[in-house]
Amino acid sequence: MSAPAIHGSDDRADFDEAWFAARAQPGVQRLRAYDPGHDLVALRRRFGESQLVELGSNENPYGPSPAARQAIVEQLHAIHRYPDPLGGDLKRALAAKHGVLTSQILLGNGSHELLMLLGQVFAGPGDEVVFSRYGFAVFALSTQAAGATARVVEALPREHLLMPLGHDLEAIASSITAQTRLVYLANPNNPTGTWFGREAFAAFMARVPREVIVVMDEAYAEMADADSDAATALPWLASHPNLVLTRTFSKAYGLAGLRVGYLIGAPGLVAVMERLRESFNVNGPALAACEAALGDDEHQQWACAQNAGQRAALSAALASRGLKVYPSQTNFVLAEFGPRTAQIETALVSRGVVLRPMAGYGLADCLRITVGTDDENRRLLAAIDAVLE
Ligand SMILES: *Cc1c(COP(=O)(O)O)cnc(C)c1O
């Protein structure tokens, strides 16, 4: 039985996606929607939530601080009110944490929204945006949506001894032209897990003209080991007004479902971006939960320490099975599964183990594996053993 046609939308095949795409603005015409991976709702229904091993989206398996959950409950009485459009309390907490001004902070509905907004505000047709191959997928999306031209810089080769597939900062700096408006970096990067250090970043910033805005996506900054030397843009902000960084509550803080990210940059840059920000883009319970989460550093640090331990154990376990595992300072690892990667991935899904296929990134022989809890990682390894046999 077919559903009734809704005002002709079903029976007019000529008004299809291609017809509307032809009417979209040029950047959107060639755009492909962000690929969020498998349909997890359908898989949860099929396997049951407790049976499914969800390691495809780099979520934090330990969840948020209990104080964050409590703050959400306490916000429910005010759910008929609009949230604070300024996000003032959360901004003050973030400013205190990072030693910056509240006027340097912009809140987003996830840092994804802020990365898109940066493209919209600072790039357009005829402009160039520079980022690394295997850089976070949203960089390309943002560039295309703005109608700008992407200059994709080759990553360090797979054979590189220290940082295979990592950002080649020297090549990125060399790719900047008079048309360049934006450079997107991710440190550490998703999906490679790679990172660069302070010295390399300082040398890079010294080569970037002040007219070019450098965006440092630091979604995994809290997860990098203290001795990893992974650079954060924070110490450079004061001397480089063309530098901005983005962070998120989705990863280390375990609040992916609430959708909150933030940007730190020069007050002037934040003020210009405010012009395009949707006024109530972060909801009330989310604002309250993030503020509470910031007040519980201990929980966040505990979760990150758990992750670091599990990441080392999982990397070693995968390597002992003959798989090449790339270095990572995040809560996931990239691993090579060879020419049969697609079949292996399908077989893992049929056993209720969800990883992230990498063909869309041009890494078809790799899978990205979120580091889970000890129990999840055991179930993952058992499934891999069964499938590889
Ligand atoms: C997960 C992730 C983000 C952010 O996500 P939001 O949930 O939108 O805050 C940003 N950048 C990278 C590199 C990520 O992996």
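The values are calculated or read from the model by the stated rules, or taken from the named source; none is laboratory data. Remember, it's a predicted structure, so these values are computed and weren't measured experimentally. Note: ideal-geometry Cβ built from the backbone for every residue, glycine included; neighbour counts use all protein chains shown. Heads up: the accessible areas ignore ligands, DNA and RNA and are worked out on the full protein's heavy atoms, side chains in. Shrake-Rupley method; radii C 1.70, N 1.55, O 1.52, S 1.80 Å.
So who's got an amide H within less than 5 Å of the one on C366, skipping anything under 5 residues away but keeping other chains? H placed 1.01 Å off N, in plane.
Counting only residues 5 or more places away or on other chains, the set is F337, M358.
For S132, list long-range residues whose amide hydrogen, built 1.01 Å from N in the peptide plane, is under 5 Å from its own amide hydrogen.
V153
Positive end of the dipole of region 66-295, charges at C-beta (+1 Lys, Arg; -1 Asp, Glu), about the Cα centre: which of F136, P191, V244 has its Cα farthest in that direction?
With unit charges placed on the Cβ atoms, the residue in question is V244.
Between D84 and D35, how many nm apart are label points set 7 Å from Cα along the C-beta direction?
About 4.1 nm, to one decimal.
Nearest 500 deg cm²/dmol is fine: what mean residue ellipticity at 222 nm does the chain get from its DSSP H runs of n ≥ 4 alone, each adding -39,500 (n - 2.57), divided by its residue count? Please report the intermediate quantities before stating the final value.
On the way: 14 runs with 142 residues, N = 389.
Helix contribution divided over all residues of the chain: -11000 deg cm²/dmol.
For L161, L258, L117, give the ranking by accessible area with the largest first, probe 1.4 Å. Can you show the working numbers first?
Numbers: L161 170, L258 35, L117 15 Å².
The residues order as L161, L258, L117, largest area first.
T248's amide H: which non-local residues (gap 5+, or another chain) put their own amide H closer than 5 Å, with H modeled 1.01 Å from N in plane and none for Pro or chain starts?
Residues meeting the criterion, in which the H sits 1.01 Å from N, are Y262.
Using the alpha-carbon centroid of each, what span in Å lies between region 70-118 and region 27-44?
27
Find the relative contact order for region 179-306 and round it to a whole percent, using C-alpha pairs within less than 8 Å whose residues are 6+ positions apart.
Values: 166 pairs, mean separation 25.9, N = 128.
Normalised by residue count, the contact order of region 179-306 is 20 percent.
Over region 66-295, what percent of the accessible surface lies on carbon and sulfur atoms, probe 1.4 Å? Provide the component values of the computation, followed by the final result.
Working: 5130 of 9330 Å².
Taking all protein chains in place, region 66-295 shows 55 percent carbon and sulfur surface.
When the Karplus curve 6.51 cos²θ - 1.76 cosθ + 1.60 is applied with θ = phi - 60°, which whole-Hz ³J(HN,Hα) does each residue of region 176-190 get, with x for Gly and Pro?
Values per residue, Gly and Pro as x: 6, 10, 5, 8, 6, 9, 9, 10, 9, 10, 10, 9, x, 9, 10 Hz.
Which length gain, in nm to one decimal place, applies between R133 and A203 when the Cα-Cα distance is subtracted from 0.36 nm times their residue separation?
Values: separation 70, 0.36 × 70 = 25.20 nm, distance 2.04 nm.
Between R133 and A203, full extension yields 23.2 nm more.
Leaving out ligands and nucleic acids, and using a 1.4 Å probe, what accessible area per residue does the chain come to in Å²? Could the numbers behind the result be given before it?
Details: 18140 Å² over 389 residues.
Result: 47 Å² per residue.
Write out the trypsin sites (Lys or Arg not before Pro) in region 191-242 meeting two conditions: DSSP loop, and at most 11 other Cβ atoms within 10 Å of their Cβ.
Values: sites: R198, R207, R210; in loops: R210.
Hits after loop and neighbour filter: R210.
State the extension gain, in nm to one decimal, for the chain segment bounded by F280 and A359, taking 0.36 nm per residue of separation less the distance between their alpha-carbons.
Values: separation 79, 0.36 × 79 = 28.44 nm, distance 3.60 nm.
Additional length available on full extension: 24.8 nm.
What is region 290-389's relative contact order, in percent, from Cα pairs under 8 angstrom and six or more apart in sequence? Mind dumping the intermediate values first?
Working: 108 pairs, mean separation 25.3, N = 100.
Relative contact order, region 290-389: 25 percent.
So, with +1 on the Cβ of K and R and -1 on the Cβ of D and E, and no other charges, what is the size of the charge dipole of region 66-295 about its Cα centre, to the nearest 20 debye?
On the way: 17 positive and 21 negative charges, 90 e Å.
Dipole size: approximately 440 debye.
In whole percent, what relative contact order does region 107-178 give with Cα contacts below 8 Å and a gap of six or more residues?
Values: 99 pairs, mean separation 20.4, N = 72.
Normalised by residue count, the contact order of region 107-178 is 28 percent.
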